[in-house]
Structure formats: structure tokens, C-alpha cells
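Everything on this sheet refers to the single structure shown next.
The values are calculated or read from the model by the stated rules, or taken from the named source; none is laboratory data. All figures in this text were calculated on a predicted structure; none of them were measured in a lab. Heads up, the Cβs are rebuilt from the backbone with ideal geometry, glycines too, and the neighbour counts pull from every protein chain shown.
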Amino acid sequence: MNQLCNIAGWKIKIASNGLEALNILENEDFDIILMDIQMPDMSGIELTKIIREKEKLTGKHITIIAMTAYAMGGDRDICINTGMDDYISKPIEVMKLKEVITKYSSNYK
């Protein structure tokens, strides 16, 4: 079950797992995806690969920001090499999240 809420004027949709997120993406467009790496049914890495393959057909690009508890040295590189645009480690610092979203949201005005 997905949830829709508004925070700071942003429309936010929450998916419970990777398959639900994929289903939502089949029917709706988004500017930015905050992608958890560890999700039930399909990891954020797997989902990102699927999104990037579909983008090859559409020519569109959705900004994907990895959100992960993984904080080891090479984890950021794995996320970026998978096709994610940026990386934020958990626990999420609100100011850092706002900074990263603001960095990419200028692409959608």
C-alpha cells in the first residue's frame, strides 16, 4: 500500500517495497526518487537498474538519491556506479537531505 503526503509543498509517495515502487513508477512520473537500498522483494540497486534501462527507451532521467545504512568506503561508489545520482547515509540528517534535494530540484523548475 502506498501513501501520498505533502511536506514543504512537495508531493511525496511512499512505497513499502521494491515491487510496489516499480508498480507506482509504471503509472506515475516523479522528479526525484529517494531510494532505500534495502527493501523487501527487490533491492534499491535492482530497481535502479530497471529504471535506468527503461530510461534508455524514453530518453528521460529521474534523479535517484540512495538512502542507506551502508556507510562503508565503497558503498557510495556502488550506488553511483549502479546509476544513482547521489547518496545519503542513514541516519538521515534533515539539513543534508534538504541540501541534496535542493541541488537536484533546480533541474525541474
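Within the stretch 39-57, track down each residue that is of a type in the set (S, T, N, Q) and more than 24 Å from LYS103 (Cβ to Cβ). Full working, then the answer.
Keep residues of the stretch 39-57 that are of a type in the set (S, T, N, Q), which gives 43, 48.
Result: SER43, single match.
Residues that are at pLDDT 95 or above, surrounded by fewer than 14 Cβ atoms within 10 Å (Cβ to Cβ) and out of contact with any Lys or Arg (no Cβ under 6 Å at 6 or more places or on another chain): list the strands (runs of 3 or more DSSP E) wholly contained in the stretch 19-109 that include at least 1 such residues.
Ranges flagged: none.
Answer with yes or no whether THR48 is within 14 Å of the chain's Cα centre (by Cα) and closer than 18 Å to SER16 by Cβ. Full working, then the answer.
Numbers: within 14 Å of the chain's Cα centre (by Cα): yes; closer than 18 Å to SER16 by Cβ: yes.
So THR48 fits the description; yes.
Within the stretch 10-39, track down each residue that is touching a strand residue (DSSP E or B) at 6+ places or on another chain (Cβ under 6 Å) and of a type outside the set (Val, Ile, Thr).
Once the filter is applied, which keeps residues that are touching a strand residue (DSSP E or B) at 6+ places or on another chain (Cβ under 6 Å) and of a type outside the set (Val, Ile, Thr), the stretch 10-39 yields LYS13, LEU34, MET35, ASP36.
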